[in-house]
Amino acid sequence: GAVVSQHPSRVICKSGTSVKIECRSLDFQATTMFWYRQFPKKSLMLMATSNEGSKATYEQGVEKDKFLINHASLTLSTLTVTSAHPEDSSFYICSARDQGTKAFFGQGTRLTVV
Amino acid sequence: DAKTTQPNSMESNEEEPVHLPCNHSTISGTDYIHWYRQLPSQGPEYVIHGLTSNVNNRMASLAIAEDRKSSTLILHRATLRDAAVYYCILRDLGGMRFGAGTRLTVKP
């Protein structure tokens, strides 16, 4: 099946710094990718929809200046958490859709802000 | 978005079948019924999906009610590796929106 790869799988950063998370579709072209975050014991929350070559669409309550999304190619989307604070610590997951209706998810990135 | 309702948790014995129910009474005609599962500290994994007819694959079977207002994911022989949170999601074309899911515990 299709593979979506996320990098890094785990990152620790200092408060006030920025962190970039990459999401790649390895064997298919993804015109649309999605970013989620998940707090412990909670379900996934959709943050934004990333469209190749255009601006991302953010869900209500998600700060677009805080979570910068770039989708410059059909196989790569990046999420940058800017000026990270401890409350941004979470599990971030990306997904990509192929030509069909399935979605494929990355393995997730655990961000810890200290 | 049409919503789904699932039991918070279920238990099963190893090697026995498991039936995970999902209610989606407000489903629209174009909504596909998707099932994903998530193991701890991993991204969700695709299990199965369908529109109207029952579906089978190597992982599971999906039984869809005739009125499409409910569906059941069937794991034919549960193994310890099937312990996960199972999500039933209705999807058209946009991003998937996850409910709380069902936490499946498999007892040896």
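The values are calculated or read from the model by the stated rules, or taken from the named source; none is laboratory data. Keep in mind it's a predicted model, so treat the numbers as computed, not measured. Ideal geometry is used to build each Cβ from the backbone, glycine not excepted, and the neighbour counts take in all protein chains shown. With ligands, DNA and RNA removed, areas are computed over all heavy atoms of the protein, side chains included. Shrake-Rupley method; radii C 1.70, N 1.55, O 1.52, S 1.80 Å.
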Please enumerate, by chain and number, the lysines with C-alpha under 18 Å from the C-alpha of residue B:69, excluding those fewer than 8 residues away in the same chain. B:3
Span from the segment A:94-114 Cα centroid across to the segment B:1-22 one, whole angstrom: 23
Could you check how much of the accessible area of chain B is carbon and sulfur, as a whole percent, using a 1.4 Å probe? 47
Within a Cβ distance under 12 Å of residue B:105, other residues only, what is the Lys/Arg minus Asp/Glu net charge? -1
Compute the distance in nm between two label points, each set 7 Å from the Cα along the Cα-to-Cβ direction, one at residue B:30 and one at residue B:67. 2.4
Please work out the C-alpha center-to-center distance from segment A:61-87 to segment A:1-48 and express it in whole Å. 9
Heavy-atom accessible surface buried between A and B, both sides counted, 1.4 angstrom probe, nearest 100 Å², is 1500
To the nearest 20 debye, what is the magnitude of the charge dipole of the protein assembly as shown about its Cα centre, counting +1 on the Cβ of each Lys and Arg and -1 on the Cβ of each Asp and Glu? 400
Here the percent of antiparallel bridges among DSSP beta bridges lying wholly in chain B, to the nearest 5, is 85
For segment A:1-111 (alpha-carbon point model, no solvent) the Debye-based log₁₀ I(q)/I(0) at q = 0.14 Å⁻¹ works out to -0.50
Where does the charge balance sit around residue B:35 when Lys and Arg score +1, Asp and Glu -1, over other residues with C-beta under 15 Å from its C-beta? +4
Enter the accessible area per residue of chain B (Å², integer; probe 1.4 Å; all protein chains in place). 52
How about segment A:59-91: which GluC sites (Glu not before Pro) there are in a DSSP loop, with at most 12 other Cβ atoms within 10 Å of their Cβ? A:63
